[in-house]
Amino acid sequence: MWKAARNTVRLTCSACRSVAHASCQARVSAPRVISSATPCPTGCRALSSSSTSSTAVTSTSSDGRFLTVAWQAGGESRYPFIYLRDNCTCSECFHELSSMRTVEIMADGIDADISPSGVESTATGVRITWPNGHVSDFTNAWLREHTLSTQPKDHGLGRFQRPAAQPWLASTFSPPVFGLDAMMSNENVQYDILDNLYKSGIVVVKGCGTEPMPNEVYEKLGMLQDTAFGLFWLVEARADPNNLAYSPKAFPLHTDLPYLKNTPGTLLLHCLRQAPTGGHTFLTDGFAVAAKLREENPLWYDLFSRVPVTWHQLGYDPTSDRHYHYEFAQPILNVDRHGELYKVCFSVAARGSFLSIKEDDVHDFYHGYLRWMQLCKSPEHRYEVRLEPGDMLIINDQRIAHGRDAISDTREKGRCLRGCYLSWDDVDSRFRHLYYKLKKA
Ligand code: OGA
Ligand code: ZN
Ligand code: ZN
């Protein structure tokens, strides 16, 4: 609703108020007040700083519901006043230590169409006085960072952006390699490891030894994610395998645990012992294959991103002494609301028999599936590596399909990988923390 207050909105040009600016026509000793419709009469276009984040002019919309900020570097940003009131950064409205909002707009009787009673430019940003006398100060940097936009922001807000994936082809790919000692002692190395993980989906850390490592090692990168298989599990041939991974046979391409809604984000496989022969690891970039599939046949891509596939696994894990019956339906290609692919779920072995699809689409789905498999296994896309004892392979489990060939290992203590998961949320959290701490912004 139109508020009486809108008529009293006044803008103070602080450049003119304080000093005669080079581009001002006249020195004005008293604060000048300009109306929302009238530009500063001196023609002043700039505030005190030449920083690109400086505001030049602020004004309100004719209905009094928006603040418009014209940036000295060019362009404008518009902020609904309710958004600014809701996000007041003062210590009454915002708990700085926890970064949590304390103002409660409903309980405080704040109207969605609120208009301020005063707006003025300050040396550092904008000061708004609300009808009840409450004052909010917003810095230019805050305003810049909070420019409203419909651009995708799912991967982080403000300055932080998760590094974009860089899909690769096997012929030109080699995984980034780091050393454990450097990782343990240097936060920049931890940052670089995660940065590379976002970009290529695979990182190798060497020098990890052949004994299980303590949790602190993993916590340099994120937090361990527990599952029915335990926080850590040993991939080695067992007498009665409860999972194909624990047999000596080849283990076909898959992403781990697609049957979890909370699909593990990052899989870490630490090689404690390797087989005399066999035990090669195969890695395929699901994002690259998805792009190729889309190019070849958009219909298949569409089906893959729309049709929920049931993934499942049930049994008993003797090591963790847990029974499990996991089941979850999600598409092979998961796209976000901006149409961007963010998660590939795929497992030859854990794909269930339920498909939420019309009968007439089933043939197309299988044509697409067979082509998907063919592409995943093609030399163009399948990268092969043989882990050495002491190597730790880190992969984005929501992107990279992996598998291994058969293990011809008859030794009592044969090939053994020690695996665990880190959740993406915690990897993101760790990366964001390092990003700000190491001033990567
Ligand atoms: C697994 C797995 C690969 C290997 O345990 O999920 O993929 O090389 N293992 O044994
Ligand atoms: Zn406040
Ligand atoms: Zn696996």
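The values are calculated or read from the model by the stated rules, or taken from the named source; none is laboratory data. Everything quoted here is computed from the prediction, not taken from an experiment. In this analysis, Cβ positions are derived from the backbone assuming ideal geometry, glycine residues included, and neighbour counts consider all displayed protein chains.
What the table shows:
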{"item": "Search result, residues across region 104-121 that are closer than 25 Å to SER77 by Cβ and out of contact with any Asp or Glu (no Cβ under 7 Å at 6 or more places or on another chain)", "result": "ILE110, ASP111, ALA112, ASP113, ILE114, SER115, PRO116, SER117, GLY118, VAL119, GLU120, SER121"}
{"item": "GLN225 being away from ligand 2 (no atom under 16 Å from the Cβ) and over 21 Å from the mean Cα position of the chain (by Cα)", "result": "no"}
{"item": "Positions within region 51-90 being surrounded by 20 or more Cβ atoms within 10 Å (Cβ to Cβ) and among the polar types (S, T, N, Q), in sequence order", "result": "SER54, THR55, THR58, SER59, THR60"}
{"item": "Those residues of region 247-279 which are closer than 19 Å to PRO389 by Cβ and within 14 Å of ligand 3 (Cβ to nearest atom), in sequence order", "result": "LEU267, LEU268, LEU269, HIS270, CYS271, GLY279"}
{"item": "Check on VAL385, among the β-branched types (Val, Ile, Thr), away from ligand 1 (no atom under 16 Å from the Cβ) and in contact with a strand residue (DSSP E or B) (Cβ under 8 Å, 6 or more places away or on another chain)", "result": "no"}
{"item": "Residue match in region 349-367 (condition: in contact (Cβ under 8 Å) with a residue 40 or more places away in the chain and under 30 Å from GLY179 (Cβ atoms))", "result": "no"}
{"item": "Scan of region 371-411 for residues that are of a type in the set (Ser, Thr, Tyr) and in a loop (DSSP other than H, G, I, E, B), ordered by number", "result": "SER378, SER408, THR410"}
{"item": "Close pairs from region 91-108: first free of Cβ contacts under 8 Å to residues at least 24 places away in the same chain and within 16 Å of ligand 3 (Cβ to nearest atom), partner part of a loop (DSSP other than H, G, I, E, B) and among the hydroxyl-bearing types (Ser, Thr, Tyr), Cβ under 8 Å, at least 6 apart", "result": "none"}
{"item": "Residue check, THR281 at pLDDT 95 or above and away from ligand 2 (no atom under 16 Å from the Cβ)", "result": "yes"}
{"item": "Which numbered condition LEU393 fails, given (1) within 21 Å of ALA165 (Cα to Cα); (2) in contact with a Phe, Trp or Tyr (Cβ under 9 Å, 6 or more places away or on another chain)", "result": "(2)"}
{"item": "Only one of THR266, THR281 that is under 20 Å from GLY403 (Cα atoms), of a type in the set (Val, Ile, Thr) and surrounded by fewer than 22 Cβ atoms within 10 Å (Cβ to Cβ)", "result": "THR281"}
{"item": "Residue check for GLY209: under 23 Å from the mean Cα position of the chain (by Cα) and modelled with pLDDT of 95 or more", "result": "no"}
{"item": "Residue list for region 232-254, restricted to those being within 18 Å of PRO264 (Cβ to Cβ), near ligand 1 (Cβ under 10 Å from one of its atoms) and in contact with a Cys (Cβ under 6 Å, 6 or more places away or on another chain)", "result": "LEU234, LEU253"}
{"item": "Residue check, LEU231 closer than 22 Å to LYS343 by Cβ and either modelled with pLDDT of 95 or more or away from ligand 3 (no atom under 14 Å from the Cβ) (or both)", "result": "no"}
{"item": "Exclusive hit being assigned to a loop (DSSP other than H, G, I, E, B) and among the small types (Gly, Ala, Ser), set ALA288, ALA239", "result": "ALA239"}
{"item": "Residue that is closer than 26 Å to GLY207 by Cβ and crowded, with 17+ Cβ neighbours inside 10 Å, where the choices are CYS376, CYS420", "result": "CYS420"}
